[in-house]
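Encoded as structure tokens, the structure appears first; notes follow it.
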Amino acid sequence: MTDYSAVLTAAQQLPEEERLRLIDALWETVSPDSEADFTDAWAQEIKLRVAQLDAGTVTTIPWSEIRDDALARLSHAEES
């Protein structure tokens with residue numbers, strides 16, 4: 001099995017668009033029940049955003065739209 005350092009080194013050699021695809025693919029493998037290590041500031045920000053969502057005071061954008069927009073911007077930047 002390949003170790004973390006070898007995988008990280010190999011991933012860093014990928015073009016940026018491929019690294020973003022890899023991040024997305026890896027994130028999909030993380031269990032929703034996984035406990036991330038959040039700081040107090042992150043916890044407060046999460047509580048604020050959940051409250052805003054519950055109150056209906058913010059408009060959400062689907063991840064697929066955000067990802068597509070980011071990839072399009074990267075593609076456009078690489079062409080320039």
So how many residues does the range 31-80 have that are in contact (Cβ under 8 Å) with a residue 40 or more places away in the chain and either in the same structural domain as Arg21 (by TED's automatic domain parsing) or in contact with a Leu (Cβ under 8 Å, 6 or more places away or on another chain) (or both)?
4
Restricting the first residue to the range 1-14 and requiring it to be assigned by TED's automatic domain parsing to the domain that holds Leu26 and over 16 Å from Leu26 (Cα atoms), which pairs with a second residue that is modelled with pLDDT of 95 or more and surrounded by 10 or more Cβ atoms within 10 Å (Cβ to Cβ) meet a Cβ separation below 9 Å and a spacing of at least six or different chains?
none
Would you check which residues across the range 45-56 are modelled with pLDDT of 90 or more and assigned to a helix (DSSP H, G or I) and list them?
Glu45, Lys47, Leu48, Arg49, Val50, Ala51, Gln52, Leu53, Asp54, Ala55
Exactly one condition in (1) of a type in the set (Ser, Thr, Tyr); (2) farther than 30 Å from His76 by Cβ; (3) in contact with a helix residue (DSSP H, G or I) (Cβ under 8 Å, 6 or more places away or on another chain) is false for Thr60; which is it?
(2)
Residue list for the range 23-47, filter: loosely packed, with under 10 Cβ neighbours inside 10 Å and not small (Gly, Ala, Ser):
Trp27, Glu28, Thr29, Val30, Pro32, Asp33, Glu35, Asp37, Thr39, Asp40
Could you list all residues from the range 3-44 that are charged (D, E, K, R) and in a loop (DSSP other than H, G, I, E, B)?
Asp3, Glu28, Asp33, Glu35, Asp37
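The values are calculated or read from the model by the stated rules, or taken from the named source; none is laboratory data. All values reported here derive from a predicted model rather than from experimental measurement. Cβ sites come from the backbone with ideal geometry, for glycine too, and all protein chains shown count toward neighbours.
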